[in-house]
Amino acid sequence: MTSPETPTAPLPPGEPRTDSASPPRDFPVQRGCPFAAPAEYDALRTHEPVARVTLPTKREAWVVTRYDDVRELLSDPRVSADIRRPDFPALGEGEQEAGARFRPFIRTDAPEHTKYRRMLLPVFTVRRVRAMRPAVQARVDEILDDMLAADGPVDFVSAYANAVSTSVICELLGIPRENLEFFRDVTRVSGSRHSTAEQVSEALGDLFGLLAELIGRRREEPRDDLVSKLVTEHLVPGHVTTDQLLSTLGITINAGRETTTSMIALSTLLLLERPELMEELRRDPSLMPAAVDELLRVLSVADSIPLRVAAEDIELSGRTIPADDGVIALLAGANHDPEQFDEPERVDFHRTDNHHVAFGYGVHQCVGQHLARLELEVALETLVRRVPTLRLAGDREDVVIKHDSATFGLEEMRVTW
């Protein structure tokens, strides 16, 4: 918990609270098990599905944990994603100040959000993403060759998970991939709940400097990549400014590579600890698409990404969220709701009607979800097929879990084979 000096009282059995004056709880930010939602989510979902909490920033907001409530909230036009609103429920000290300055499009409302989303959608269609599979497969094989040549043990997060996700997004945008760790370092700072606004601004400034140079080169010599497309079709005609394009590219890189890195690493750890699931995929590779969706549901690495503000009073599960209050739709809470998913903690690659919300829901649903699925399918299938002896190098306790980032995941996991 974020405030050990003010411990959270246990939820009482019985009826859900309806007294809006009840003291807020500490926001649950840690997981005892990386393969399950925080234990408190179950209690909140049962007894107080719409609950007031104290955020790590000491501000107050609301959290929503039921599947139906999360979907209703995220599709409600009366909620705002605008990070400039005074009670925007930022989880890090520097997040709101830096976000208000750089304006990532995921933290904006229509029509501004719609404008940038439409810029990106043509690149991330199912058809375009499917056409990328051979190139993604070739790059994944190269990365795995390099990892195996290192002759273990290696840090799997750096050598494989981050290398795959960062290489793919760089290839798509047309960014040179000489220093894959640079992009990871930017996200470490910009996505940390402990970073100050100055630290976030400095990290994003380094990224924007690299991107500005690339934009300048693509103005002069366009190529077949996303940056060239956005420059020629949107920047040159004056539909967007350079700063707006930099912000759009920055969030595309940060969000796209960080969530996929986390999913590859956590999925691999889960499969290593559940060898029967690994063997199931090895026997029947056709299960991989369904397996990826199940892993997305179970792991829910973007759990607290949907940060919103109520623009009007909103009622959910008998509670009223007052206008101008911050509210967070907890995706892991929704994806582990037993009213929607039978035995939600069970990993079942044959689960039917798996309508999870791991990519969010509504107009802000992840624009790159088809690419993320492709990367996960290729990265995991290649690993399962080519490295049957993969195992942890050391004890399970040596795996470093990342708790203080916008995206849940692993910081380090040593493996050998």
Measure off, as a whole percent, the carbon and sulfur share of the 1.4 Å-probe accessible area of the chain, all protein chains present. 50 percent
Report, in debye and to the nearest 20, how large the dipole of the range 202-298 comes out about its Cα centre when Lys and Arg carry +1 and Asp and Glu carry -1 on their Cβ. 180 debye
Can you give the extra length, in nm with one decimal, that the chain gains between Arg78 and His194 once fully stretched, where that is 0.36 nm per residue apart less the Cα-Cα distance? 38.7 nm
In 5 Å bins starting at zero, report the fraction of Cα pairs in the range 47-161 per bin as a rounded %. 2, 9, 11, 12, 12, 12, 12, 14, 10, 5, 1
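Can you tell me the relative contact order of the chain? Whole percent, Cα pairs under 8 Å, sequence separation 6 or more.
Numbers: 681 pairs, mean separation 103.9, N = 417.
After rounding, I find 25 percent.
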For the residue pair Trp417 and Ala323, what label-to-label distance in nm results when each label sits 7 Å from Cα along the Cα-to-beta-carbon direction? 5.9 nm
Dipole in debye (nearest 20) - the chain, about Cα centre, beta carbon charges: Lys, Arg +1; Asp, Glu -1: 1060 debye
Restricting the range 223-327 to trypsin sites (Lys or Arg not before Pro) in coil, as DSSP defines it, with at most 16 other Cβ within 10 Å: Arg223
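Starting with the highest mean, order 185-193, 81-89 by the number of other Cβ atoms within 10 Å, averaged over the residues of each peptide. All intermediate terms of the calculation are to be shown ahead of the outcome.
Working: 185-193: 20.6, 81-89: 18.6.
The most tightly packed comes first, giving 185-193, 81-89.
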Not counting ligands, DNA or RNA, and with a 1.4 Å probe, what is Phe182's accessible surface area in Å² rounded to the nearest 10? 50 Å²
Pair Arg130, Glu142: separation of 7 Å Cα→Cβ label points (nm): 2.6 nm
For a bin width of 5 Å, list the pair-distance distribution of the range 336-414 built from all Cα-Cα distances, rounded to whole %. 3, 10, 12, 16, 25, 20, 11, 3, 0
Let me check something: with ligands and nucleic acids excluded, how do Leu180, Leu44 order by accessible area (1.4 Å probe), largest to smallest? Leu180, Leu44
Suppose accessible area is computed on protein heavy atoms with a 1.4 Å probe; arrange His350, His364, His370, His356 from highest to lowest. His350, His370, His364, His356
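Take every Cα-Cα pair in the range 376-417 and report what % of them are more than 17 Å apart. Intermediate results must be reported in sequence, preceding the final value.
Values: 415 of 861 pairs.
When every Cα pair of the range 376-417 is considered, 48 percent fall beyond 17 Å.
Roughly what % of Cα-Cα distances in the chain sit above 29 Å, to the whole percent?
Details: 38369 of 86736 pairs.
The calculated P(r) of the chain puts 44 percent of pairs beyond 29 Å.
Given contacts defined as C-alpha pairs under 8 Å and at least six residues apart, what's the relative contact order of the range 117-221, whole-number percent? Let's see the in-between values first.
Numbers: 43 pairs, mean separation 16.1, N = 105.
The normalised contact order for the range 117-221 reaches 15 percent.
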Inter-site label distance for Phe35 and His47 at 7 Å from Cα along Cβ, in nm: 2.8 nm
Centroid-to-centroid separation of the range 185-219 and the range 246-281 [C-alpha atoms, Å]: 22 Å
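What does the accessible area per residue of the chain come to in Å², with a 1.4 Å probe and no ligands, DNA or RNA counted? Please report the intermediate quantities before stating the final value.
Working: 17650 Å² over 417 residues.
About 42 Å² of surface per residue is accessible.
Let me check something: with ligands and nucleic acids excluded, how do Glu339, Glu315, Glu112, Glu258 order by accessible area (1.4 Å probe), largest to smallest? List each step's numbers first, then the result.
Details: Glu339 160, Glu315 120, Glu112 60, Glu258 15 Å².
Ranked from most to least accessible, the order is Glu339, Glu315, Glu112, Glu258.
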Value of [θ]222 nm, deg cm²/dmol, for the chain, DSSP H segments ≥ 4, -39500 (n - 2.57) each, nearest 500: -14000 deg cm²/dmol
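The values are calculated or read from the model by the stated rules, or taken from the named source; none is laboratory data. Every value quoted in this text rests on a predicted model; they were computed, and no experiment measured them. A quick note on method: Cβ atoms are made from the backbone with ideal geometry, for glycine too, and the neighbour counts reach across all protein chains shown. What goes into the accessible areas is simple: the full protein's heavy atoms, side chains included, and nothing from ligands, DNA or RNA. Shrake-Rupley method; radii C 1.70, N 1.55, O 1.52, S 1.80 Å.
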